[in-house]
Amino acid sequence: MAVEANGLFGRPTPRIDGVAKVTGAARYASDEPMVNPAFAYLVTSAIARGRIEALGLARAQAVPGVLDILTNTNVGGQAKPPLGGDGGPTTTTLETDRIWHDGQIIAVVVADTYEAAREAANKVEVRYLPEPASATFGSAGVDVRPHRSRGPEPEKGDAAAAFAAAPVTVEGQYRTPAQHHNPIELFTTTCVWDGPALTIYEPSQFMWGLKTSVAEQLGLDPANVRTVSRYVGGAFGSKGGTTSRTVWIAIAARRLGRPVKLVPTRDQGFTIATYRAETRQRVRLGATRDGRLTSFSHEGWEVTSRPSAYNVAGVEATARMYACPNIATAVHVVHADRNTPGFMRAPAEQPYMFGLESAMDELAHALDMDPIELRRVNDTRTDPLSGLPFSSRSLMQCFDSAAMKFGWSGRSARPGSMRDGEWLVGYGCAAACYPTNIAPAAARLSVTPDGKATIGMAGHEIGTGAYTTVALTVAHSLGLKIEDVTVQLGDSDLPPVTVAGGSNNAATTTHVAVKACEEVRRRIAEAAVKDEDSPFHGADPATLGLSERMLTGPGNRTEPLDRAVGRTGGRLEVYAENVPTGMPATAMAELYKGQVTFARGGGRKDVAAYAFGAHFVEVRVHGRTREVRVPRVVSAFAAGTIINPLTAYSQYMGGVIWGLSSALHEATEIDTRSARYTNDNLADYMIAVNADVPSVEIIMVPEHDDRVNPLGVKGIGEIGIVGVNAAVANAVFHATGQRLRELPVRLEKLLS
Ligand code: MOS
């Protein structure tokens, strides 16, 4: 498999679905027209722990238009609970009278209209048997356990002894808050039955995962379940797993014999879907006087629900960032009466790199050393844990190019020493990293004699530009124009692609697309060399290529594509699978069963594969009010081959903006007495607005990596956000001399 880095690959290309999106033609799941639909509205729990003693339904049933009310007493036991994000148990909804968390679904009201369903839902009377609920860290009744799900903790040497012996040490305790994704598109579900066949329209990052999970929960043959989600209006991890809300809508539709559509509210999205759990961390660094790390310890605590062991264990990433002979890590899960958390963009790296990159800044200060030079002294060509070489690692190129553009050399090192009128000015930086993932995938590709290609795979357009990267790949590989390529994604009737998560999507979909294209080229070439009327008769088929709608070959011979395709029977259709190097042959069968099977580093066992980056942030803290502003950010990333620089730039920029929002504003507040969220709406859950984001510049550092996978694609979906939080806090320290180890950075924390 070889694609030259010329042609369409790497050319900035507008989204092929851009016009459809801005004109409203793009059909999102809940836009799907239905014949005679009924509407569902959820009733959710007002307590965080206990039991439902009784549900009074009479007033609700009296609302005109109400058709059905699902509760644990009439549908409990009709579905198996789904598995949580880590494949383990998760909180459940209508199965029993048990309440696991605030906002749990306890009834589904179905009516002829949305309004009637909502009115009736508000008239459902619930009598609870409440029990004392444990909210979060420090609450009575939480259950703290070591995490077990991800194998042994990264460890090397004797970190404690090296820390005790180190001439320079820093130690910090860091806290990151619970946060919610709040994608613009709500967590909708529409279900339609046709005899035994169920079709589900639901925004999803994993069509085949949703299909097989619902089949499993309802005891259906997966062949009878189809999932459709051609566009996803934001997900960020929140639509990657399956929660049990989908099956209750399917059951409601089956009971009624009518399509049922659920559009939950914004506030319900805080508890019926997943979120980023709050963490606490302790980082200890020991170093020589010239800044070389001798000891690194990173311990984390993460909140989860009662039954689930879900955790993100970001120490896997932080322990690989810098050369260090002595490493100790540990992660603990804290079970509380909460909904089960799940993936949220850069699930592991986003919170844990806050701890590491803040501590690195503290160490640079303790050493009186430039923070960039501290990273340079500890840069490494090999993974400190495994000893494997990085397939490529351009961390310092990212630091250097962003520092230059930012004007880092104009920084005066002493905290509090830069001022502009009433504003204290601070410069801060931090590293970003994200592991490279790739997954098996399958695709179907057809080419017609008029030179049009159609590729279909059950991939996912979650806003990243997936339609366009696949179209670019096919156009490039078949020598077509991008207008000649139609891309079909988001339908489980298409061959499977794994979850669009872990930044695997670009690598996964382009590799299988190239494989399908290569098969098309091979068939065209083989037919041509056998045909006496072809200019390539008798040639070696391997020497024939496709370029500018021509079949091309030795001696500058060409033949129009329509003739070449026509010879294969008129319409050429191929099915291709790609199992990344090093993955077991069973991976494709597992994908067809809806299992998530990733390969890190392209599956190779001889390299460690990560993308790296660096953020530079200027903050201004008002001398009296302590208002914090971020006038500018410069971030550089190196992530191998960039397929479409236009959408890549947007993707990076979006990550950085979310990083700023996360650092300065975002926190889901939990009432510790009731274990309920208090700001579960977009008025009270603070996010960055345009005025918070004046200038974000992105540098794409060229990086050629022919070891990570054949196309050298590392993936960029998550890295943009990683480390922004630390860069902001480090800049605030530089501006004020105040070290904030707890996010978000807010002015009230700077008043003391
Ligand atoms: Mo990403 S949080 O793996 O969707």
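Go through the residues of the stretch 513-521 one by one and say whether even a single one is surrounded by fewer than 20 Cβ atoms within 10 Å (Cβ to Cβ), assigned to a loop (DSSP other than H, G, I, E, B) and more than 16 Å from the ligand (Cβ to nearest atom). Quick ask: steps written out before the conclusion?
Here is the first cut: in the stretch 513-521, the ones surrounded by fewer than 20 Cβ atoms within 10 Å (Cβ to Cβ) are 518-519.
Still in the list and also assigned to a loop (DSSP other than H, G, I, E, B): none.
Within the stretch 513-521 (the criterion being surrounded by fewer than 20 Cβ atoms within 10 Å (Cβ to Cβ), assigned to a loop (DSSP other than H, G, I, E, B) and more than 16 Å from the ligand (Cβ to nearest atom)), the answer is no, since none of the residues qualifies.
Against the condition at pLDDT 95 or above, within 21 Å of Glu316 (Cβ to Cβ) and either in contact with a Lys or Arg (Cβ under 6 Å, 6 or more places away or on another chain) or open to solvent by 20 Å² or more (accessible area, probe 1.4 Å) (or both), how does Arg276 come out, does it pass? Break it down stepwise before answering.
Values: at pLDDT 95 or above: yes; within 21 Å of Glu316 (Cβ to Cβ): yes; either in contact with a Lys or Arg (Cβ under 6 Å, 6 or more places away or on another chain) or open to solvent by 20 Å² or more (accessible area, probe 1.4 Å) (or both): no.
No: the conditions fail for Arg276.
Just give me the residues in the stretch 705-730 being farther than 14 Å from Ala614 by Cα and out of contact with any Leu (no Cβ under 6 Å at 6 or more places or on another chain), in sequence order. Lay out the reasoning, then the answer.
We begin by selecting, within the stretch 705-730, every residue farther than 14 Å from Ala614 by Cα; these are 705-715, 717, 729.
Selection gives Asp705, Asp706, Arg707, Val708, Asn709, Pro710, Leu711, Gly712, Val713, Lys714, Gly715, Gly717.
Taking strands (runs of 3 or more DSSP E) that fall entirely within the stretch 98-164, which contain at least 3 residues that are open to solvent by 60 Å² or more (accessible area, probe 1.4 Å)?
Numbers: elements: 105-111, 125-130, 143-146.
Qualifying strands (runs of 3 or more DSSP E): 125-130, 143-146.
Restricting to the stretch 619-629, give me the number of residues that are in a strand (DSSP E or B) and open to solvent by 10 Å² or more (accessible area, probe 1.4 Å). Walk me through how you get there before you give the answer.
The initial filter retains those residues of the stretch 619-629 that are in a strand (DSSP E or B), namely 619-622, 628-629.
Imposing the further condition that a residue be open to solvent by 10 Å² or more (accessible area, probe 1.4 Å) reduces the set to 620, 622, 628-629.
Result for the stretch 619-629: 4.
Asp684 passes all but one of (1) over 25 Å from Ala513 (Cα atoms); (2) open to solvent by less than 30 Å² (accessible area, probe 1.4 Å); which number fails?
Among (1) over 25 Å from Ala513 (Cα atoms); (2) open to solvent by less than 30 Å² (accessible area, probe 1.4 Å), Asp684 violates only (2).
Output the residues belonging to the stretch 377-392 that are open to solvent by 10 Å² or more (accessible area, probe 1.4 Å), in contact with a Gly (Cβ under 9 Å, 6 or more places away or on another chain) and within 21 Å of Thr288 (Cβ to Cβ).
Hit for the stretch 377-392 is Val377, nothing else.
Name the residues in the stretch 704-752 that are assigned to a loop (DSSP other than H, G, I, E, B) and among the polar types (S, T, N, Q), would you? Please lay out each step first, then the result.
First pass over the stretch 704-752, keeping only residues assigned to a loop (DSSP other than H, G, I, E, B): 704-712, 714-718, 722-723, 737-741, 743-746, 751-752.
Within the stretch 704-752, Asn709, Gln738, Ser752 meet the criteria.
Can you pull out the residues in the stretch 235-268 that are at pLDDT 95 or above and within 16 Å of the ligand (Cβ to nearest atom)? Reasoning before the result, please.
Going residue by residue through the stretch 235-268, those that are at pLDDT 95 or above are 235-239, 246-268.
Within the stretch 235-268, Ala235, Phe236, Gly237, Ser238, Lys239 meet the criteria.
Taking the stretch 410-442 as the region of interest, how many residues are part of a strand (DSSP E or B) and buried (at least 16 other Cβ atoms within 10 Å of the Cβ)?
First, the residues of the stretch 410-442 that are part of a strand (DSSP E or B): 419-420, 423-435, 437-438, 441-442.
Checking which are buried (at least 16 other Cβ atoms within 10 Å of the Cβ) leaves us with 423-435, 437-438, 441-442.
Qualifying residue count, the stretch 410-442: 17.
Can you name the number of the only condition in (1) away from the ligand (no atom under 16 Å from the Cβ); (2) open to solvent by less than 60 Å² (accessible area, probe 1.4 Å); (3) not in a helix (DSSP H, G or I) that Glu666 fails?
Condition (1) is where Glu666 drops out.
Residue-by-condition table, conditions (1) in contact (Cβ under 8 Å) with a residue 12 or more places away in the chain; (2) open to solvent by less than 20 Å² (accessible area, probe 1.4 Å); (3) closer than 24 Å to Phe616 by Cβ; (4) of a type in the set (Val, Ile, Thr):
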residue	(1), (2), (3), (4)
Thr304	yes, yes, no, yes
Gly314	yes, yes, yes, no
Met321	yes, yes, yes, no
His335	yes, yes, no, no
Thr340	yes, yes, no, yes
Phe354	yes, yes, yes, no
Gln397	yes, no, yes, no
Ala402	yes, yes, yes, no
Phe406	yes, yes, yes, no
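When you check Gln205 against the structure, is it closer than 30 Å to Asn679 by Cα and either open to solvent by less than 50 Å² (accessible area, probe 1.4 Å) or modelled with pLDDT of 95 or more (or both), yes or no?
Working: closer than 30 Å to Asn679 by Cα: yes; either open to solvent by less than 50 Å² (accessible area, probe 1.4 Å) or modelled with pLDDT of 95 or more (or both): yes.
So Gln205 fits the description; yes.
Filter the stretch 319-351 down to the residues that are within 26 Å of Asp143 (Cα to Cα), more than 14 Å from the ligand (Cβ to nearest atom) and not in a loop (DSSP other than H, G, I, E, B) and list them by number.
Ala328, Thr329, Ala330, Val331, His332, Val333, Val334, His335, listed by residue number.
When you scan the stretch 185-199, do you find a residue that is surrounded by 21 or more Cβ atoms within 10 Å (Cβ to Cβ), farther than 30 Å from Ile670 by Cα, within 21 Å of the chain's Cα centre (by Cα) and not small (Gly, Ala, Ser), even just one?
Within the stretch 185-199 (the criterion being surrounded by 21 or more Cβ atoms within 10 Å (Cβ to Cβ), farther than 30 Å from Ile670 by Cα, within 21 Å of the chain's Cα centre (by Cα) and not small (Gly, Ala, Ser)), the answer is no, since none of the residues qualifies.
Tell me, yes or no, whether the stretch 674-685 has at least one residue that is within 21 Å of the chain's Cα centre (by Cα), of a type in the set (D, E, K, R) and assigned to a loop (DSSP other than H, G, I, E, B).
no
Here are some conditions: (1) assigned to a helix (DSSP H, G or I); (2) out of contact with any strand residue (DSSP E or B) (no Cβ under 9 Å at 6 or more places or on another chain); (3) farther than 17 Å from Ala729 by Cα; (4) open to solvent by 20 Å² or more (accessible area, probe 1.4 Å). Thr647 meets all but one. Which one does it not meet?
Evaluating Thr647 over (1) assigned to a helix (DSSP H, G or I); (2) out of contact with any strand residue (DSSP E or B) (no Cβ under 9 Å at 6 or more places or on another chain); (3) farther than 17 Å from Ala729 by Cα; (4) open to solvent by 20 Å² or more (accessible area, probe 1.4 Å) leaves (4) as the failure.
Quick test for you: out of Ile699, Ile721, pick the one residue that is of a type in the set (Val, Ile, Thr) and touching a Cys at 6+ places or on another chain (Cβ under 9 Å). Walk me through how you get there before you give the answer.
On the way: Ile721 fails: touching a Cys at 6+ places or on another chain (Cβ under 9 Å).
One residue alone meets the criteria, Ile699.
For the stretch 209-233, name all the residues that are open to solvent by 10 Å² or more (accessible area, probe 1.4 Å), farther than 18 Å from Gly87 by Cβ and either within 16 Å of the ligand (Cβ to nearest atom) or of a type in the set (Gly, Ala, Ser) (or both).
Result: Gly219, Ala223, Tyr231, Gly233.
State whether one or more residues within the stretch 94-108 are closer than 20 Å to Arg127 by Cβ, in contact with a strand residue (DSSP E or B) (Cβ under 8 Å, 6 or more places away or on another chain) and at pLDDT below 95. Spell out the reasoning first.
Step one: of the stretch 94-108, the residues closer than 20 Å to Arg127 by Cβ are 94-108.
If we keep only those that are in contact with a strand residue (DSSP E or B) (Cβ under 8 Å, 6 or more places away or on another chain) too, we end up with 94, 97-99, 102-108.
Remaining after also requiring at pLDDT below 95: 94.
Yes, some residue in the stretch 94-108 is closer than 20 Å to Arg127 by Cβ, in contact with a strand residue (DSSP E or B) (Cβ under 8 Å, 6 or more places away or on another chain) and at pLDDT below 95.
Taking the stretch 462-477 only, how many residues are in contact with a strand residue (DSSP E or B) (Cβ under 9 Å, 6 or more places away or on another chain) and open to solvent by less than 10 Å² (accessible area, probe 1.4 Å)?
Qualifying residue count for the region: 8.
Please verify whether the stretch 61-79 includes one or more residues that are touching a residue at least 40 places away in the same chain (Cβ under 8 Å), in a helix (DSSP H, G or I) and of a type in the set (Ser, Thr, Tyr).
Checked the stretch 61-79: no residue is touching a residue at least 40 places away in the same chain (Cβ under 8 Å), in a helix (DSSP H, G or I) and of a type in the set (Ser, Thr, Tyr).
Would you call Gly172 surrounded by fewer than 19 Cβ atoms within 10 Å (Cβ to Cβ), modelled with pLDDT under 95 and not in a helix (DSSP H, G or I)? Steps first, answer last, please.
Details: surrounded by fewer than 19 Cβ atoms within 10 Å (Cβ to Cβ): yes; modelled with pLDDT under 95: no; not in a helix (DSSP H, G or I): yes.
Criteria not met by Gly172.
Can you list residue pairs whose Cβ atoms sit under 9 Å apart, with the first residue in the stretch 542-567 being open to solvent by 70 Å² or more (accessible area, probe 1.4 Å) and the second being of a type in the set (Lys, Arg)? Count only pairs 6 or more apart in sequence or on different chains.
Filtered contacts from the stretch 542-567: Ala542/Arg522; Glu548/Lys481; Arg549/Lys481; Asp562/Arg549.
Checking His298 against (1) closer than 28 Å to Ala161 by Cα; (2) within 16 Å of the ligand (Cβ to nearest atom); (3) open to solvent by less than 10 Å² (accessible area, probe 1.4 Å), only one condition comes out false. Which one?
His298 satisfies every listed condition except (2).
The values are calculated or read from the model by the stated rules, or taken from the named source; none is laboratory data. Worth saying up front: this structure is predicted, and the values here are computed from it rather than measured. Every residue, glycine among them, receives a Cβ derived from its backbone with ideal geometry; neighbour counts consider all protein chains shown. When the accessible area is computed, the model is the full protein with side chains, heavy atoms only, and any ligands, DNA or RNA have been set aside. Shrake-Rupley method; radii C 1.70, N 1.55, O 1.52, S 1.80 Å.
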